[in-house]
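A quick write-up on the structure given underneath.
Bear in mind these aren't lab numbers, they're just calculated from the coordinates by the rules spelled out. Computed from a predicted structure; not experimentally measured. We place every Cβ from the backbone using ideal geometry, glycine too, and count neighbours over all the protein chains shown.
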Amino acid sequence: MEKIQIPTKVFLGNDCLDWLQVLSNKKILMVCDAFLPNTPTLDRIEKEIDDRNQVSIFSNVKPDPPLDNIMLGVEQFNKIKPEIIIGIGGGSAIDTAKAIRFFGEKLNKFKIEQFVAIPTTSGTGSEVTNTTVVSDVKKHTKAPILKDYLTPDVALLDPKLVMTAPKSVTAFSGLDVLTHSLEALVSKGANTITDALAEKGIDVILNNLVECYKHGNNEDARKIVHEASCAAGIAFNNAGLGICHSLAHQLGANFHVPHGLACAMLLPHVVLYNSGKSEEVMHKYAISVEKSGLVSANMSDRIAVQRLVNIIKQLMVQMDCPQTLRAFGVKSSAAMEKTNVIVADAKKDATFPGNPVVPTDDDLRSLYHKVV
Ligand SMILES: NC(=O)c1ccc[n+]([C@@H]2O[C@H](COP(=O)([O-])OP(=O)(O)OC[C@H]3O[C@@H](n4cnc5c(N)ncnc54)[C@H](O)[C@@H]3O)[C@@H](O)[C@H]2O)c1
Ligand SMILES: [Fe+2]
C-alpha cells in the first residue's frame with residue numbers, strides 16, 4: 001500500500017507571519033539561526049508575537065547541527081518546558097529546533113503542543129519533513145533522525161526572509177532543492193503525486209535559481225523558489241531520497257562541505273550512474289527536463305539526460321560553485337584516505353534504501369572518487 005501524508009499547514013506570501021498572532025499565553029522556545037539576533041527579520045517576527053506569551057530565545061545554532069550544541073538547547077528546553085517551539089532560520093536552525101524537541105520531550109516525558117517552522121533559506125524543505133540531520137563532530141558522522149511526529153505542524157513561507165541570504169547560501173541551498181527533486185523523482189517510494197511536486201521543483205530551480213543568485217532582492221523569483229523548496233520537501237518526505245544524499249552527508253561530516261554544495265558536486269555523477277543502470281529512471285529524468293522546457297520532446301532520453309547533466313554543471317559554474325573536493329580546498333590525499341569509511345557510512349545512511357538501483361561498494365567508491 002502506498003501512502004502520502006502532508007500534515008503541515010503551510011502559509012505562503014509576505015503577510016504569512018501574521019499567523020503568529022494566534023499564539024496567546026504560551027511558553028515559547030524560539031530556536032533562531034545565529035544570524036538573526038539584532039536583525040529587522042527577528043524584530044518583525046517578535047512584533048507578531050503577543051506580549052502575553054513568554055518567549056525564550058536559543059540562538060547558539062551551528063551549521064550541520066552538532067550534538068553538543070543541540071544539548072545546550074535541550075538544557076534551555078528543560079528549564080522552561082515550552083508549549084510551542086518556533087524554529088527560524090536555515091535548515092540547520094530548523095533541524096536544531098527539531099532535535100531539541102526530540103531530546104527535550106524524551107528527557108522530560110511530555111509533548112509540546114505545536115512546532116512552527118519559519119525557513120530563511122530555500123533549500124532543505126525541513127519545514128515539512130519528518131527529518132532532522134544531526135552531526136557528531138568527534139565521530140565525524142552526520143546522520144538523519146526520522147520520526148513522523150517531528151514534522152512541523154505549521155510552516156510560514158515568507159519570501160522576504162530569504163532575501164538576505166548571501167549568494168553562496170542561495171546557490172547551495174537551491175541546488176539542494178534540485179537534488180531533493182531529482183532524487184525523489186526516481187526514488188523507490190515515488191508515485192504520481194510526489195512526481196508532480198518533484199517535476200515542479202526541477203522546473204523552478206532550473207529556470208529561476210540563477211536569477212535569485214544574481215538578483216537576490218527579486219521577490220517574485222524568491223517566492224517561487226521558496227515554494228519549490230517546500231514542494232521538493234514534501235516530495236522527498238514521502239518518496240525518499242537516494243545515494244546522492246547518502247554520500248553528501250559524508251562530505252559534510254568529514255570535510256564540512258555545505259550540504260547543498262556536497263549534493264550538487266555528486267548530483268551529475270549520480271544522475272548518469274542511475275540512468276546507466278535503469279532505462280525507466282533515465283526516462284523519468286528525461287521527461288522532467290523536457291517538462292522544464294529545456295529539451296525538445298523528440299530528443300532521445302540519453303541525450304536529454306546528458307543535457308540535464310550539462311545544465312547542472314553550468315548552473316554550478318554560473319553560481320561560482322566548486323565542483324570537486326579539491327576545488328573546495330580538500331587535499332586529494334586526505335579525501336582518498338577516507339574512501340572506505342565514506343562508502344561504509346553512506347551505506348548505513350537512512351537515505352540509501354531509497355535509491356532506485358542498489359550500488360555495489362565499487363560503484364559508491366567510483367562515484368565518490370569523481371568528486372575527489
Ligand atoms: N531536515 C531535513 O529534511 C533536511 C534536508 C536537507 C538538508 N538538511 C540539513 O540542513 C542543513 C543545511 O541547511 P541550509 O542549506 O538551509 O543551510 P544552513 O542552515 O546551514 O545555513 C547556512 C548559513 O546561512 C546563514 N543564513 C541562513 N539564512 C539566512 C538569511 N536569510 N540571511 C542571512 N544568512 C542566512 C546561516 O546562519 C548559516 O551561516 C544541513 O545540516 C543539512 O544536512 C535537512
Ligand atoms: Fe538535502
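Taking the fewest neighbouring Cβ atoms within 10 Å as the starting point, the ordered list for SER296, SER126 is SER296, SER126.
So in the range 1-143, what percent of DSSP beta bridges are antiparallel if you round to the nearest 5? Percent antiparallel among DSSP bridges in the range 1-143 is about 15. If R0 is taken as 22 Å, the Cβ-Cβ distance between ILE303 and SER366 corresponds to a FRET efficiency of 0.40. The label point for LYS81 and the one for ASN60, both projected 7 Å from the Cα toward the Cβ, are 2.3 nm apart.
A Förster radius of 51 Å, combined with the Cβ-Cβ distance separating LYS27 from THR324, puts the computed FRET efficiency at roughly 0.60.
Taking Rh as the Kirkwood radius, which is the inverse of the mean 1/r over Cα pairs, what is the Rg/Rh value for the chain? We get a ratio of 0.96 for the chain. Between GLU280 and ILE6, the contour length at 0.36 nm per residue exceeds the Cα-Cα span by 95.9 nm. In the chain, helical runs assigned H by DSSP with n ≥ 4 each contribute -39500 (n - 2.57); averaged across all residues and rounded to the nearest 500, the mean residue ellipticity at 222 nm is -17500 deg cm²/dmol. Among SER59, SER168, SER275, SER333, the ranking by other beta carbons within 10 Å of each residue's beta carbon, starting with the fewest, stands as SER333, SER168, SER59, SER275.
For the chain, the share of DSSP beta bridges that are antiparallel, to the nearest 5, is 20%.
Kirkwood hydrodynamic radius of the range 9-161, from the reciprocal of the average inverse Cα-Cα distance over all distinct pairs: 15.2 Å. Geometric descriptor of the range 79-182, per residue, is 127 Å³ (volume of the convex hull of the Cα atoms).
Percent of Cα pairs in the range 52-125 per distance bin of 10 Å, from zero to the largest separation: 20, 56, 23, 1. Projected label points at THR339 and ASP50, each 7 Å from Cα along the beta carbon direction, are separated by 6.2 nanometres. The slack in the chain from LYS188 to ILE145, taken as 0.36 nm per residue of separation less the alpha-carbon distance, amounts to 13.5 nm. For the range 85-136, the equivalent ellipsoid derived from the Cα gyration tensor has semi-axes of 19, 12, 8 Å, listed largest first. At an R0 of 35 angstrom, the distance between the Cβ atoms of ASN218 and HIS256 translates into a FRET efficiency of 0.70.
Its residue count N fixes a reference of 2.2 N^0.38 Å for the range 205-285, and the Cα radius of gyration divided by that reference is 1.26.
Exposure proxy for TYR149, TYR273: other Cβ atoms within 10 Å of each Cβ, ordered fewest to most, give TYR149, TYR273.
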